[in-house]
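Below: the structure, in structure tokens.
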Amino acid sequence: MVSRETAFEMRYLREVCVDMELGRSFDDVAERYNRLYGQVGEERGVLQKKRMEDAYFLLKLLQFFNTELTVQINKTSNRIDVDDLCDSAVVEVFSSENEWKHHVCKVKGCLEGFIMCDGNEKLCRRICAAPRETINLSRSMPKIVDKCGNSPVFGGQNQQASKYCRNHQELAANEPPAKKILLTINIPDQIVSSRIVAMSTDLASNSDTTMHIACKKAANVKHFHEKTAGIMAIVRPCGMVLDCRELYTCESASQLFVQLLKLIDEPNARIEYIGYDRACEFVPFLRNLKKKGNIGAEKLLEKQYLVDNFHIAGHTSEACDPASDKCEFHHSLPKFSKISDANTECAEQTFSWLKRYKNIVKYMTASRFRFFIYTVIKAHNEAIDRKK
């Protein structure tokens, strides 16, 4: 039941889920429904895209919570508060143990503990226009930028649209923005990585720290203000997506730093080799943090890093040149012999199918976006797991 006027059979909603996994939009699915069934009887009105979207999320939420779902009615719309349920689900997802870390298959590199990290800016959504603030955590931690990740007020029958979220509506009234305050949080330098992750899940994921000391030119880094900067995914060579997080500012070393820390903190994570198209700037970033006493960076430096086959051709530093004695990150080096045939383009291939949802998610709220990405990745991972 989506509203007092709309109800769907579970069998039909399962067909809708398959349509969504294949990349069809809610508009397309609603249009298909209206063409097939919309004119049957005067009592049946036209199905709107919003009702179809709510029905999809309610089914996925029922499946996620094992049919034990306590719902709240939105006082403004007098409908089930789907966003609140999605928020609850996302909190549970990110606070629970990684359900895909135990996957092992015969694909080269999967058993050997190879992962590929990459960002994609196509899968983005609208974001609150409140100004960002720079935050210093401690001497041994990277600077981070706190950016409001909430969705702006979209508007509708009962509210006016705004480029700010509900928490920053004072900025919409042309009031002068509050003075930006540079915060210094005193944290022991010898901090364990699990505590880093626990206290900076949101803040550090919003980081804007970028180390332009290797092959990436500063002019090629784009900054985002009115929309998110996409997602960062960590993928096995077989295509299994181990982790996926939103980027609120441009892709940076400190964002990947926290994301990897959370992953390697998991027991039996099986991560030995890490591929990244900017490994030649990420590793110096880690070494700099290690010099300042950061244990998390020291732990990450125990892994081996390489640049993937596709991007290495455009890298010009000695650290990426196999003809140089200073080469560290070229995939042809002897230290990478165990994964020499591994698919280093697995992350790019993941984005090739994930980007089919870019037009579906760009106007979603924050909670719906995160839960939707989780559901499609879960369906993808389950399909891979069945094949092993």
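No lab work stands behind these numbers, since they all come straight from the coordinates. On a predicted model such as this, the values are computed, not experimentally measured, just so you know. As a convention, Cβ positions derive from the backbone with ideal geometry for all residues, glycine included, and neighbour counts pool all protein chains shown.
When you work out D = kT/(6 pi eta Rh) for region 271-388 at 20 °C and 1.002 mPa s, using the Kirkwood radius from C-alpha pairs as Rh and the Stokes-Einstein form, the result is 127 µm²/s. With R₀ fixed at 22 Å, the C-beta to C-beta distance from Glu92 to Phe154 puts the FRET efficiency at about 0.30.
Of the listed pairs Lys101/Lys292; Lys227/Lys362; Lys262/Lys387, which have alpha-carbon separations greater than 20 Å here? From the list (Lys101/Lys292; Lys227/Lys362; Lys262/Lys387), the Cα-Cα distance tops 20 Å for Lys101/Lys292; Lys262/Lys387.
With each label modelled as a point 7 angstrom along the Cα→C-beta vector, the Asp321-Val104 pair spans 4.1 nm.
On the beta carbon distance between Asp84 and Glu272, with R0 = 25 Å, the FRET formula returns roughly 0.05.
For chymotrypsin sites (Phe, Trp or Tyr not before Pro), the sites in region 337-368 that DSSP calls loop and that have at most 14 other Cβ atoms within 10 Å are Tyr363.
Per-residue Karplus couplings for region 82-99, computed as 6.51 cos²θ - 1.76 cosθ + 1.60 with θ equal to phi - 60°, are listed in order as 5, 4, 5, 5, 4, 4, 4, 5, 5, 4, 5, 4, 7, 9, 9, 5, 4, 7 Hz, Gly and Pro entered as x. If you take the Cα centroid of region 362-388 and the Cα centroid of region 274-318, the two points sit 28 Å apart. Per-residue Karplus couplings for region 7-20, computed as 6.51 cos²θ - 1.76 cosθ + 1.60 with θ equal to phi - 60°, are listed in order as 9, 10, 6, 4, 4, 5, 5, 5, 5, 4, 4, 5, 4, 5 Hz, Gly and Pro entered as x.
By definition, a body whose alpha carbon gyration tensor gives a ≥ b ≥ c is rounded when a/c is under 1.5, and region 220-343 falls into this rounded group.
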